[in-house]
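See structure below.
Coordinate-derived values only; no laboratory data. Worth saying up front: this structure is predicted, and the values here are computed from it rather than measured. Because the Cβ atoms are built from the backbone with ideal geometry, glycine has one as well, and the counts that use them run over all protein chains shown.
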Amino acid sequence: MQINKKRIMSGMRPTGKLHIGHYMGVLKNWLAFQDEYESFFCVADWHALTTKYDQTEDLRQNITDVAMDWIASGINPEQSTIYVQSLIPETAELHLLLSMITPQNWVERDTTLKDMVKILRDKTIVQAENAKKIYLGKKELDKTEVINAIKNEQIKIDLITYGLLGYPVLQTADIIQFNASLVPVGKDQLAHLEISRDITRRFNHIYKTDFFIEPQPKLTETPLLKGIDGQKMGKSFNNDIKISDSEEETTKKIMRAITDRSRIKKTDPGHPQECEVVCPYYEIFADAETVKKQRYECENAIRGCADCKRELAEIMNNYFFNIRSKRKELESNHGYIKKIIETGSEKAREQVCITLKEVKKIMKMYN
Ligand code: TRP
Ligand code: SF4
C-alpha cells in the first residue's frame, strides 16, 4: 500500500454530546497529531449498536453532535478525514474475515468488554429496582429476590450479544483498514488495542505477510478527568460537563463539585490534596501562578470554597469560549456537517476498498 504520511486512526461511539473528559483525554491528542499524520476519525455507530441496539431514536442526532463537537474542538475537516462507520460496508467485510482468525477466548478476556458488561448489568439492576412489579409470563416475582439473583449472577441476563463480543474485532478492522500506526485513545481502550495488535500479528503470521502494521495506542497527559462528584466522568453518572454546555450550566455544575470534606467553615484551613475535583481542575485549566495563589489561599483559609469554584468556572468558561462559539455556529449550519460526513466517508471508503482488495489477495480468496 502506498502511504505517504504515517497514519493515525481513532473513533468514538455516538452516544450523546461529548464532555470535557473526552476533550482533555482524547481530542487533545487528535489535535496534536492531525498536522503531522494523515488522520481518520470514525463516528462508530455500529459500535454504539453493540449495547444500544434497542435505542436508536437518537442515533442520527448523536452522530451529528459528535461530528460538531470534534470540529468545534479544532479537528480540521479539510485536513483530517471524518467519517461514519456504517457508511463503509467494506469494514464489515474485513471484520468478518478477521473474526475467522480471532480465537474466542481472546475476546472473552477483554477487560474493557467485561467493564461494559458490568455497566449493562448495573443498569438492568436499576431498571429492576425502579420497576413497580416484575413478571415472568403472568406470574409476579418477588422483586428483591430477582434483584439479588441478578446481582449474584444466578439469573443470567442476555447482556452479551454476538455483536458485542465482536467489539474489539470490529475496532481492529476500523484501525488496520487504514494501516494506521498510532491510535490516540483514552485509557479505557488499551485492552481492546492489545487484542488489535494480537489479531494483526496473527494475520501476518498465518498468511506469511507483513502487510498490516501493529497499531500502538497513544494517551494524553491528562488521561483521566474526574466527574464533579469525584467519580469517573460519564454522561450516565450525571457528573459530566459537556463541551457544548453554556457558561451558566458550567458554573452551576462546578458549584456542585465536591471539595475538601473536612473543611466546613471558611475560617478552617483547607487541604488542596484532599480536594479531589476542584484542585486537579485548576492544575489542568489554570496557569501556574493562579494555581499557586489558589493553593496558598486555601491552605491559609483566605479563600472560601464558593469563591474558589466561581473563579474556576470562569477560568474554564474562558478556556472553552472559542470552542463553544464555533459549536454554536455549526449548530445553525446542518448542511455543512452533512457534507463533511459524506465527503469524509467517501474518501475513507476508497482507502478501505484498496486494503480489502489486498487482504483478499493475501488470503487467496476467490476474485
Ligand atoms: N471503542 C471506542 C470507544 O468506545 C470507539 C472506537 C471505535 C474506536 N472504533 C475505534 C477507537 C477505532 C479507536 C480506534 O470510544
Ligand atoms: Fe478546594 Fe478551593 Fe475549597 Fe480549597 S478553597 S478546599 S481548593 S474548593
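Among Trp30, Trp106, the ranking by other beta carbons within 10 Å of each residue's beta carbon, starting with the fewest, stands as Trp106, Trp30.
Between the amide H of Gly230 and those of Ile258, distances stay under 5 Å, these residues lying 5 or more places away or on another chain, with hydrogens modeled in the peptide plane.
Of all the options Ala131, Ala301, Ala72, the one that moves most in a Gaussian network model of the chain with Cα springs shorter than 10 angstrom is Ala131.
Summing Cβ point charges (Lys, Arg +1; Asp, Glu -1) relative to the Cα centre of the chain gives a dipole of roughly 560 debye.
Remark: the Thr209-Lys118 segment gains 29.0 nm on full extension, using 0.36 nm per residue and subtracting the alpha carbon distance. Scanning residues 5 or more positions from Val84 or on other chains, those with amide H under 5 Å from its amide H are Val43, Ser345, with H placed 1.01 Å from N in the peptide plane.
With the simple model of a label 7 Å out from the Cα in the direction of the Cβ, Glu78 to Glu140 spans 6.6 nm. Using θ = phi - 60° in the Karplus curve 6.51 cos²θ - 1.76 cosθ + 1.60, the 3J(HN,Hα) couplings for the range 283-295 round to 3, 7, 9, 9, 7, 4, 5, 4, 4, 4, 5, 4, 5 Hz; x is entered for Gly and Pro. With a Cα-only, solvent-free Debye model of the range 159-216, what are the log10 I(q)/I(0) values at q = 0.24, 0.30 Å⁻¹? Debye curve over Cα of the range 159-216, log10 I(q)/I(0) at q = 0.24, 0.30 Å⁻¹: -0.96, -1.26. Hydrodynamic estimate: the Kirkwood radius of the range 111-151 over Cα pairs, inserted into Stokes-Einstein at 10 °C and 1.306 mPa s, corresponds to D of 143 µm²/s. Residue order for Asp65, Asp287, Asp210, fewest other beta carbons within 10 angstrom first, comes to Asp210, Asp287, Asp65. Think of it this way: in the chain, Cys42, Cys298, Cys305, Cys308, Cys353 stand alone, with no other Cys Cβ under 4.7 Å.
Among Cys353, Cys305, Cys279, Cys42, the ranking by other beta carbons within 10 Å of each residue's beta carbon, starting with the fewest, stands as Cys353, Cys305, Cys279, Cys42. Which of the GluC sites (Glu not before Pro) across the range 113-215 are loop residues per DSSP, with 12 or fewer other Cβ within 10 Å? Qualifying residues, ordered by number: Glu153. Once backbone amide H atoms are built at 1.01 Å from N, Gly11 has Cys42 as its partners under 5 Å, excluding neighbours fewer than 5 places away on the same chain.
Listed values for the range 61-68 are Karplus-derived 3J(HN,Hα) couplings in whole Hz (6.51 cos²θ - 1.76 cosθ + 1.60, θ = phi - 60°), namely 4, 5, 5, 5, 4, 4, 4, 5, and x replaces Gly and Pro. The mean of 1/r over all pairs of different alpha-carbon atoms in the chain, once inverted, gives a Kirkwood hydrodynamic radius of 22.8 Å. Label-to-label distance, Leu159 versus Met363, with points set 7 angstrom from Cα along the beta-carbon direction: 3.1 nm. For the range 293-367, chymotrypsin sites (Phe, Trp or Tyr not before Pro) are listed when DSSP marks them as loop and at most 14 other Cβ atoms sit within 10 Å of their Cβ; the list is Tyr366. Each label was represented as a point 7 Å from its Cα along the Cα-to-Cβ direction; for Asp268 and Glu108 these points are 5.1 nm apart. Legend: calculated FRET efficiency, Glu299 to Met255, from the Cβ-Cβ distance at R0 = 22 Å, rounded to 0.05, equals 0.55.
Taking every DSSP beta bridge that has both ends in the chain, the antiparallel portion is near 25%.
Mind pulling up the Rg/Rh value for the range 277-344? Radius of gyration and Kirkwood radius, both on Cα.
Details: Rg = 18.1 Å, Rh = 14.3 Å.
The Rg/Rh ratio comes out at 1.27.
Computed from backbone phi with θ = phi - 60° and the Karplus coefficients 6.51, -1.76 and 1.60, the 3J(HN,Hα) list for the range 142-152 is 6, 4, 4, 4, 4, 4, 4, 5, 5, 4, 7 Hz; x is used for glycine and proline.
Compared with the direct C-alpha span, the chain from Arg60 to Ala131 gains 22.7 nm at full extension, assuming 0.36 nm per residue. Per residue, the chain reaches -16000 deg cm²/dmol at 222 nm when only DSSP H runs of four or more residues are counted, each adding -39500 (n - 2.57).
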